[in-house]
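Worksheet: one structure, shown below.
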2 protein chains.
Amino acid sequence: MSAPKLARVIDIHALKNACSSCSLREMCLPIGLSQDEIDKLDQMVYTRKRVKRGDSVYRSEEKFGSLYAVRSGFFKTTLVMEDGRDQVTGFHMAGDMLGMDGIGADQHSCNAVALEDSEVCVIPYGRLEELSREVYVLQQHFHKVMSREIVREHGVMLLLGSMRAEERLAAFLLNLSQRFTSRGYSASEFNLRMTREEIGSYLGLKLETVSRTFSKFQEDGLIGVQQKNIRIVDSEGLKSVLGRDPS
Amino acid sequence: MSAPKLARVIDIHALKNACSSCSLREMCLPIGLSQDEIDKLDQMVYTRKRVKRGDSVYRSEEKFGSLYAVRSGFFKTTLVMEDGRDQVTGFHMAGDMLGMDGIGADQHSCNAVALEDSEVCVIPYGRLEELSREVYVLQQHFHKVMSREIVREHGVMLLLGSMRAEERLAAFLLNLSQRFTSRGYSASEFNLRMTREEIGSYLGLKLETVSRTFSKFQEDGLIGVQQKNIRIVDSEGLKSVLGRDPS
DNA sequence: CGGAAATGTTGATGTGGATCAAACCAATTA
DNA sequence: TAATTGGTTTGATCCACATCAACATTTCCG
C-alpha cells in the first residue's frame, strides 16, 4: 500500500522537474525537439534551484560548470570594475539562459543576481555539449541562443553609444513590454523588478535622470508611473521618441 | 614534364589555403586539433575571399550562410539605426571570427567592412555544425569563441556605460596593443586602421573628443601620436588612467 | 603634379545629464 | 503609531563632452 504512494510522489516530482511538461518549453531549450529528444533533455536537466531575492546563481571569477535557464522570477547580471564601479549588463526573465559568458574562460565573468525569489533549471554544460552532438536540433538551438545574446548586446551597445536619455528609457520600456508580451503577460502594464538605480546602471544614466525621464514621459501622456508599476499609455508615442531629434 | 609542374601549382595552391599550414592556426579554429582533424577543417574551409578596403564581407539583413575568419587585414562591424545614426560595434583583426551575429535569426544583423585590403576564410556554417558534432575539440572551441564574443561585448558595455572619455580611450589603446602583441606585433607601436570618427563611434564619443584626448595623452607623455601612428610610451601610465577619478 | 576631398587638430561656446541636496513615500519593524 | 530604512522625486547648480567653426594636413586621383 505504501509502495504505490511513494511511486506517485516520485512521479509528481519528476513531472514537476521535467522539460517535457514545462510551460516554458516553447521558449527554452526544448523548442523544436521531438518527444524522444525532450526525454533526453529531462535526463540532463535534473536539478532545479531556488534563488532568493538578492542571492546569486553565480558570481564573477567562479568556476564555470553549468548554464541556467530561468524558470521563474527575475535576474540582473552585473559586471564590477576594479575600482568598485559596477554596471548592470542585462535583465533576465523566464525562459532566458544565463551563464554563457563562462564558457570561454571556464569561469564566470559576471554576477547573476535574483531581483525577486526565483527558480532556475541547472544545465550541466558537459551534458549539454554531449547531447548537442547527438541531437542536431538541440545543437542548432543552442547556437541560436548564444548568437541572440550577441545580438542583444549589440543592441545595448547601440543604446549606450548613440542614444540620448529619453531614447534609452523608451527603448528599455518597449523592450520590457515586448518581452512580457511574448511570455503571455500584459504589454501595457507591468511591474518593474529593479530599482531606478539598476535601470540607470543598465542604461548608462544616473538614477535621478531615470526618475526625471519617467516623470517627463508621464507628463507627456506616454506612460503612467506609480513607483514600480508602469502602464504604457501611448506605445506609438514611445516609439516615436526613438530616433527623433532633441525637442 | 608538364604534369609535375601542374601538380606543383595545385600543391602550392592547396598549401596556401590550408588551415594546416596557416600561420594563424594557433589563434583560429584549428587550436588543439590533431593533424587528422585539421585535415577535415581543410576540407571545410575551401574558400578564401579577398575584400578590398571599403567593401563588406556581409551586410545587415543579408541571408546568413557562413562565418568568416579574418586571415589578414582589418575590419569594423557596424550597426545602423533607422534614422541613419550608426555605431561601430567592433574592430577585428587576423584570427578573429566574424558573422556569429547571423546565426540566431539566419540573417546578419550588422555590416562587416574592411578598413584595409583584407582576406577572410569562408566557413560554411552548415559544415561547421556538422564537423563540430564529430570533432569534440572543435565544438568546444567554437563555443568558446562565441562565449568570448559575449564577454568582449560585456567589456564594451562597461566602457560605454561607466567610463569617462579618457578612460575609454586608454582602454581602447591598451586593448589594441594587447591584441597586436598576441599576434606577434609590437606592443608599443602600431598603426590605427580606423579614423578618429570610427574610434569615436566605437567609444561613444565625438571625433573631436578623440582627437583632443589623444593630444592630451601626448602632452602627458603617455603616448606619441602622429596621425594614424601610435607609440605607447608609458603603458603603466595609461593603465593608471583607468579607474582614477577625474583630475 | 595640382586641386579636391577626406581626415585631423584646435579653439570658443553650449547643453544634456551629472552632482549635490532636500524632501517625500512606502514598507518594515518596534 | 512612531521610528527606521530603502527607494523615489524634484530643484539648483555644475561640468564633461558636444557642437560649431576655422584651419591644417594627408590622401586621392585626373
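When the stretch B:157-188 is filtered for residues that are in contact (Cβ under 8 Å) with a residue 40 or more places away in the chain, outside any helix (DSSP H, G or I) and in contact with a helix residue (DSSP H, G or I) (Cβ under 9 Å, 6 or more places away or on another chain), the ones remaining, listed by number, are B:Met163, B:Ala187, B:Ser188.
Conditions tested, residue by residue: (1) surrounded by fewer than 16 Cβ atoms within 10 Å (Cβ to Cβ); (2) more than 16 Å from DNA strand C (Cβ to nearest atom).
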residue	(1), (2)
A:Ile123	no, yes
A:Val135	no, yes
A:Arg168	no, no
A:Leu174	no, yes
A:Glu189	yes, yes
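Kindly evaluate B:Tyr68 against the criterion of being touching a His at 6+ places or on another chain (Cβ under 8 Å), away from DNA strand C (no atom under 16 Å from the Cβ) and assigned by TED's automatic domain parsing to the domain that holds B:Ala114. So B:Tyr68 fails the test.
Is the stretch B:85-103 home to any residue that is closer than 17 Å to A:Leu158 by Cβ, away from every other protein chain (no Cβ under 12 Å) and of a type in the set (Val, Ile, Thr)? Looking through the stretch B:85-103, none of the residues is closer than 17 Å to A:Leu158 by Cβ, away from every other protein chain (no Cβ under 12 Å) and of a type in the set (Val, Ile, Thr).
Applying the set (1) surrounded by fewer than 16 Cβ atoms within 10 Å (Cβ to Cβ); (2) hydroxyl-bearing (Ser, Thr, Tyr); (3) more than 26 Å from B:Met100 (Cα to Cα) to A:Ser118 leaves exactly one unmet item: (1). Scanning the stretch B:149-167 for residues that are out of contact with any strand residue (DSSP E or B) (no Cβ under 7 Å at 6 or more places or on another chain) and closer than 27 Å to B:Ile103 by Cα gives B:Glu149, B:Ile150, B:Val151, B:Arg152, B:Glu153, B:Gly155, B:Val156, B:Leu159, B:Leu160.
Charged (D, E, K, R) and within 22 Å of the chain's Cα centre (by Cα): which single residue out of B:Arg244, B:Arg183 fits that description? Checking each option against the conditions leaves just B:Arg183. Taken over the stretch B:198-211, the criterion of being surrounded by 15 or more Cβ atoms within 10 Å (Cβ to Cβ) and either away from chain A (no Cβ under 14 Å) or without any contact (Cβ under 8 Å) to a residue 12 or more places away in the chain (or both) is satisfied by B:Gly200, B:Ser211.
B:Met146 falls short on exactly one of the conditions (1) under 15 Å from B:Asp101 (Cβ atoms); (2) more than 11 Å from chain A (Cβ to nearest Cβ), and that condition is (2). If you take the residues in the stretch A:221-241 that are more than 23 Å from the chain's Cα centre (by Cα) and under 28 Å from B:Asp86 (Cα atoms), which one is farthest from DNA strand D (Cβ to nearest atom)? Restricting to residues being more than 23 Å from the chain's Cα centre (by Cα) and under 28 Å from B:Asp86 (Cα atoms), the top hit is A:Glu236. Within the stretch A:168-197, restricting attention to residues that are in contact with a strand residue (DSSP E or B) (Cβ under 7 Å, 6 or more places away or on another chain) and within 12 Å of DNA strand D (Cβ to nearest atom), the residue that is farthest from the other protein chains (Cβ to nearest Cβ) is A:Asn191. Applying the condition of being of a type in the set (A, V, I, L, M, F, W, C) and within 25 Å of B:Ser147 (Cα to Cα) to the stretch B:81-100 and asking which residue is surrounded by the fewest Cβ atoms within 10 Å (Cβ to Cβ) yields B:Met93. Just one of the listed residues (A:Val113, A:Val151) is more than 8 Å from every other protein chain (Cβ to nearest Cβ) and in contact with a Gly (Cβ under 9 Å, 6 or more places away or on another chain), namely A:Val113. Taking B:Gly126 as the residue in question, decide whether it is out of contact with any Pro (no Cβ under 8 Å at 6 or more places or on another chain), at pLDDT 95 or above, within 11 Å of another protein chain (Cβ to nearest Cβ) and under 26 Å from A:Asp106 (Cβ atoms). Taking the combined requirement at face value, the residue does not satisfy it.
The values are calculated or read from the model by the stated rules, or taken from the named source; none is laboratory data. Just so you know, these numbers come straight off a predicted model, no measurement behind them. Quick reminder, even Gly has a Cβ in these numbers, built from the backbone with ideal geometry, and neighbours come from all protein chains shown.
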